[in-house]
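For reference, the structure discussed in these notes is given below.
The values are calculated or read from the model by the stated rules, or taken from the named source; none is laboratory data. Please read these numbers as outputs of a predicted model, since none were measured by experiment. Methodologically, a virtual Cβ is constructed for each residue, glycine included, from the backbone with ideal geometry; neighbour enumeration extends over all protein chains shown. All accessible areas refer to the heavy atoms of the entire protein, side chains included, with ligands and DNA or RNA removed. Shrake-Rupley method; radii C 1.70, N 1.55, O 1.52, S 1.80 Å.
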Amino acid sequence: MTTPLRAAVIGLGWAGSVHTRVLSSLDGVSLVAVADTDPGRRSRFNGVRTVGDVDELLDIELDYCVVATPTTEHERIGVALAAAGVHALIEKPLASSLPAAFRLVEAFERAGLIGAVGHTERRNPAVRELCVRLREGDFGAVYQVATRRHGPFPDRIRDVGVVTDIAIHDVDLATWLTGRHITSVAAQVSSVNDGPYEDLAAAILRLSGGEIVDLQVSRISPHRERIVIAHTARGCVMADALTRTITHYDNGDTPGTAVPIRKITTYEVPGAEPFRIQHEAFRDALLGLPNDIVTLRQGAAAVAATEAILTAARTGTCVSLVDHDFIRQ
Ligand SMILES: NC(=O)c1ccc[n+]([C@@H]2O[C@H](COP(=O)([O-])OP(=O)(O)OC[C@H]3O[C@@H](n4cnc5c(N)ncnc54)[C@H](O)[C@@H]3O)[C@@H](O)[C@H]2O)c1
């Protein structure tokens, strides 16, 4: 593939406006078209082709397209792009159900196209730093991961609940940080104000290495929180995605004992904008360069986990994920 790559964005809301801004200044890429069903959203764009839907978009010569429509539209649009031979970066969650996520994986793999999922929380500088240091063994074995992700109701998200929309970040992070897959899930969810979808959830996941993940998420809190904590052999390490800081409560090499903390270290982690890092990775994937895109299979694995959370909460049972072979790939 030759540069500049010809890119488009479909869905020009919150996420789409970040994608278009980043793509407008990304080396090796030319934003040639944007699409939205809302004429008001389209009218904000000058200098690129503006169209209403995916069918019109496919009349334009494209190398790839970013899908930033509501989640329930991802499958239809993604499958149309794959059928037309267009690579795609699809926003998280990959799809609103696991069968839909499977169909997307299959459509892109059958067509020999590159698909990726916009799990941008992996690109947060503090979370990346935590991942790098865990993988380098700085903190020894990981025993438990605890995540807290709370904030106010995002008025624009009307098609899915907080588990599908927000907790998906944490199931993806838990597996990515540890290099494990999820084997079982127990959970509780609730909705407030008689809404059709859940607004708060707590889940306990077991990972393939025996680690436990304790996940808390809500969209009812005026206080925004984006915290990932790893309890490790060398104490507790916390990544705060909002302040972009790492805090390490070091207990030396004495896990599980009542030793006092030996040292507390906090530092800020500088870094580029997460959406920009994500776009650089996707561009590099298309150019055949080394990259760390989040694959469609990984996106589908995250959807499997969020579906398991909802099933566990609905049935009051612990849901096994061991039969999902694809989540280990
Ligand atoms: N990666 C992240 O951190 C992140 C952050 C926010 C949202 N998202 C994801 O991005 C997606 C969009 O979320 P948002 O907050 O931008 O929503 P939004 O409501 O702000 O924007 C969605 C846009 O899509 C348009 N649209 C709807 N159906 C369409 C169709 N069939 N064809 C073309 N345009 C259509 C709407 O008119 C709207 O402009 C969701 O999947 C969401 O989960 C990801």
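Search the structure for amide H atoms under 5 Å from the amide H of residue 5, placed 1.01 Å from N in the peptide plane, and list their residues when 5 or more places away or on another chain.
So residue 5 has HN proximity to 29, 30.
Report, by chain and number, residues whose modeled amide H sits under 5 Å from the one on residue 183, excluding near sequence neighbours (fewer than 5 apart, same chain).
Correct list: 206, 207, 208.
Could you look at the chain and say what percent of its accessible area is carbon and sulfur, using a 1.4 Å probe and all protein chains?
The nonpolar share, carbon plus sulfur, comes to 49 percent.
When only Cα pairs under 8 Å and 6 or more residues apart are kept, what is the percent relative contact order across the chain?
18
So, in nm, how far is label residue 225 from label residue 263 when the simple model puts each one 7 Å beyond its Cα toward the Cβ?
Label at residue 225, label at residue 263, 2.8 nm between them.
What residue among 297, 234, 21 shows peak mean-square fluctuation when the chain is described by a Gaussian network model with Cα springs under 10 Å?
Taking springs between Cα atoms under 10 Å, the residue moving most is 21.
Go ahead and estimate [θ] at 222 nm for the chain from helices alone: -39,500 (n - 2.57) per DSSP H run with n ≥ 4, summed, over the residue count, rounded to 500.
Mean residue ellipticity at 222 nm (helix-derived): -8500 deg cm²/dmol.
If amide hydrogens are placed 1.01 Å from N in the peptide plane, which non-local residues have theirs closer than 5 Å to the one on residue 118?
Those qualifying (amide H under 5 Å, at least 5 residues apart or on another chain) are 90, 91, 92.
Would any residue of region 181-196 have its amide N under 16 Å from a label point 7 Å out along Cα→Cβ of residue 318? List them or say none.
Residues passing the 16 Å test: 182-188.
Would you please name the GluC sites (Glu not before Pro) within region 114-156 that are DSSP coil residues with at most 10 other C-beta atoms within 10 Å of their C-beta?
Hits after loop and neighbour filter: 136.
Based on Cβ point charges of +1 for Lys and Arg and -1 for Asp and Glu, what charge dipole magnitude is obtained for the chain about its Cα centre, in debye rounded to the nearest 20?
580
Specify whether the C-alpha gyration tensor of the chain places it in the rounded, prolate or oblate class, a ≥ b ≥ c being the square roots of the eigenvalues: rounded for a/c under 1.5, otherwise prolate if a/b is larger than b/c and oblate if not.
Prolate, because a/c is 1.5 or more and a/b exceeds b/c.
If you take the square roots of the eigenvalues of the alpha-carbon gyration tensor of region 105-156 and sort them as a ≥ b ≥ c, do you get rounded (a/c under 1.5), prolate (a/b over b/c) or oblate? Intermediate values should be presented prior to the final figure.
Values: a/c = 2.65, a/b = 1.31, b/c = 2.03.
Here region 105-156 falls in the oblate category.
List the relative contact order of region 18-107 as a percent without decimals, with contacts defined as Cα pairs under 8 Å and 6+ residues apart. It would help to have the intermediate numbers written out before the result.
Details: 109 pairs, mean separation 18.4, N = 90.
Normalised by residue count, the contact order of region 18-107 is 20 percent.
When only C-alpha pairs under 8 Å and at least 6 residues apart count, what is the relative contact order of region 179-329, in percent?
Dividing the mean separation by the residue count of region 179-329 yields 24 percent.
Roughly how tilted is helix 296-315, in degrees to the nearest 10 and between 0 and 90, from the longest Cα axis of the chain?
The angle comes out near 60 degrees.
Relative to the first principal axis of the alpha-carbon coordinates of the chain, what is the inclination of helix 98-110, with its axis defined by its Cα atoms, in degrees from 0 to 90 and to the nearest 10?
Helix 98-110 and the main axis of the chain meet at about 60 degrees.
With a probe of 1.4 Å, find how much accessible area region 109-159 has per residue, and write the answer as a whole number in Å².
46
From the phi of every residue in region 182-193, what ³J(HN,Hα) in whole Hz does the Karplus formula 6.51 cos²θ - 1.76 cosθ + 1.60 yield, where θ is phi - 60° and glycine or proline is x?
So the J values, rounded to whole Hz, are 7, 9, 7, 9, 10, 7, 10, 9, 8, 10, 10, 6.
For helix 168-178, report the angle its Cα long axis makes with the longest principal axis of the Cα atoms of the chain; keep it between 0 and 90° and round to the nearest 10°.
The angle comes out at about 60 degrees.
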